[in-house]
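Below is one structure; the comments refer to it alone.
Values quoted throughout were computed directly from the atomic coordinates according to the rules given, and no laboratory measurement underlies them. This is a predicted model, so every value here is computed, not measured. Reconstructed Cβ throughout: ideal geometry from the backbone, glycine too, with neighbour counts over all protein chains shown.
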Ligand SMILES: Cc1ncc(COP(=O)(O)O)c(C=O)c1O
């Protein structure tokens, strides 16, 4: 089945009893047992819910995985993922060590640094787009390598296959946050990754109307443990949110194509604007890792970051934009603009933020599916 078809139909064509084309919303917390010791396969929605199951199978299908697990948010998925690696192991001086891309979503940094670091984990932050730094970090034992590619917000590209080979040699697992490209443009498991994470809130659901997160993988041993974490912690995705995600995914292919197109138009336009100093976009032919992008991904998202020439322009742009909404998040049908320094990356310490390039002149645009001319006209009047 081709990707576009898989987006529309997933693992569901129609309801076998009623013929319903849309997956029914099973808004039920609990399910009647047919008898003592008997189950329909659905007992309680924190553990399993029929609507969520179809969504989990659909996302797994899109990623070429055996298993999918849906969580209440991307952070819920990241948190469950880390718990798969038992804390207080022998690695990293008595702690379970995870190597992480230094240029990544600030909420992931906060979760790791401010919470898990207290509970038996240690984190090494490196520029994973540099293979020499990955090799150097692996000289010490590590349970996992967690990468975001393209990175958020600097659009650096990390070699997924190279990282998989390196961490496997060291006996660890590779986790890839595939939120920016989605399975429509990139399939990390096919490149050797062990686990894929998604903030389903973004492109997958696609309408800025729900939060969701996913872990997708094919690990026979890991799956029961991950299910146990999902069920025990209770951060499973609600039926309604699962239904919204399923509906969103139906148009993923169309949206990704249009958002990629709008992102490219905006990136080219911004690059030629006198008040813009530099633009970061993985679709540029002269992006430093363009050949790697072409090898491991089938396209680009609508994500474009850029430095304006003076920091005062940031406030001006954020105040003046009319159509493009000044809001956190990305990937939805509405164009959004974000100031990573204080929003998405506010939790990251200043030195680390600055070394990654997140400064007071950086803005991040998530191109939506509007007419590109309207997006450009809005940027033009905002930058004037
Ligand atoms: C790349 C990436 N991963 C994970 C997350 C967390 O997802 P959520 O906001 O759904 O918890 C985000 C949120 O912005 C993100 O951008």
Open item on the list: I want the antiparallel fraction of DSSP beta bridges within segment 253-383, as a percent rounded to 5.
Closed with: 85 percent
Task: Label-to-label distance, nm, for residues given as residue 220 and residue 298 (7 Å Cα→Cβ offset) - done: 2.9 nm
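For residue 328 and residue 2, compute 0.36 nm times the residue count separating them, minus their Cα-Cα distance, and round to one decimal in nm. Display every interim value, and only then the final one.
Details: separation 326, 0.36 × 326 = 117.36 nm, distance 3.24 nm.
Extra length from residue 328 to residue 2 when fully extended: 114.1 nm.
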TODO: With an 8 Å cut-off on Cα pairs and a minimum separation of 6 or more residues, tell me the relative contact order of segment 205-290 in percent.
DONE: 28 percent
Task: Relative contact order (%) - the chain, alpha-carbon pairs under 8 angstrom, separation at least six - done: 18 percent
Task: Spin-label model distance (nm) - residue 352 vs residue 290, 7 Å beyond Cα toward Cβ - done: 3.3 nm
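So for the chain, what percent of the C-alpha to C-alpha distances run longer than 35 Å?
On the way: 18235 of 73536 pairs.
Taking all Cα-Cα pairs of the chain, the fraction more than 35 Å apart is 25 percent.
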- [ ] Would you give the gap between the C-alpha center of segment 189-258 and the C-alpha center of segment 103-139, rounded to a whole Å?
- [x] 22 Å
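If you take every DSSP beta bridge fully contained in the chain, what fraction is antiparallel? Give it as a percent rounded to 5.
Working: 24 of 43 bridges.
For the chain, the DSSP antiparallel bridge percentage is about 55.
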TODO: Enumerate the residues in segment 314-352 having an amide nitrogen under 15 Å from the point lying 7 Å beyond the Cα of residue 209 toward its Cβ.
DONE: 332-334
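With runs of 4+ DSSP H residues as the only contributors, calculate the mean residue ellipticity of the chain at 222 nm using -39,500 (n - 2.57) per run, divided by the residue total and rounded to the nearest 500.
Working: 15 runs with 140 residues, N = 384.
Mean residue ellipticity, 222 nm, calculated: -10500 deg cm²/dmol.
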Task: Computed over segment 253-383: relative contact order in percent, which uses C-alpha pairs under 8 Å that are six or more apart - done: 31 percent
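Give the peptides 120-132, 53-65 in descending order of average Cβ contacts within 10 Å, highest first. Don't skip to the answer; put the middle values down first.
Working: 120-132: 18.3, 53-65: 22.9.
The peptides rank, most packed first, as 53-65, 120-132.
What order do you get for 376, 337 when you list them from fewest to most C-beta neighbours inside 10 Å? Please report the intermediate quantities before stating the final value.
Details: 376 17, 337 22.
Fewest to most other Cβ atoms nearby, the residues stand as 376, 337.
What translational diffusion coefficient, to the nearest whole µm²/s, does segment 27-154 have by Stokes-Einstein, given a Kirkwood radius computed over alpha-carbon pairs, a temperature of 4 °C and 1.567 mPa s viscosity? Don't jump to the answer; show the numbers that get you there.
Details: Rh = 17.1 Å.
The calculation lands on 76 µm²/s.
Would you mind putting 350-356, 275-281 in packing order, based on average other-beta-carbon counts within 10 Å, highest first? Let's see the in-between values first.
Values: 350-356: 14.7, 275-281: 18.1.
The most tightly packed comes first, giving 275-281, 350-356.
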Open item on the list: Between residue 277 and residue 168, how high is the FRET efficiency from 1/(1 + (r/R0)^6) when r is the Cβ-Cβ distance and R₀ = 45 Å? Nearest 0.05.
Closed with: 0.65
TODO: Express in whole angstrom the spacing between the alpha-carbon centres of segment 65-82 and segment 344-384.
DONE: 27 Å
Task: Estimated inter-spin distance, residue 254 and residue 114, nm [label 7 Å along Cα→Cβ] - done: 4.0 nm
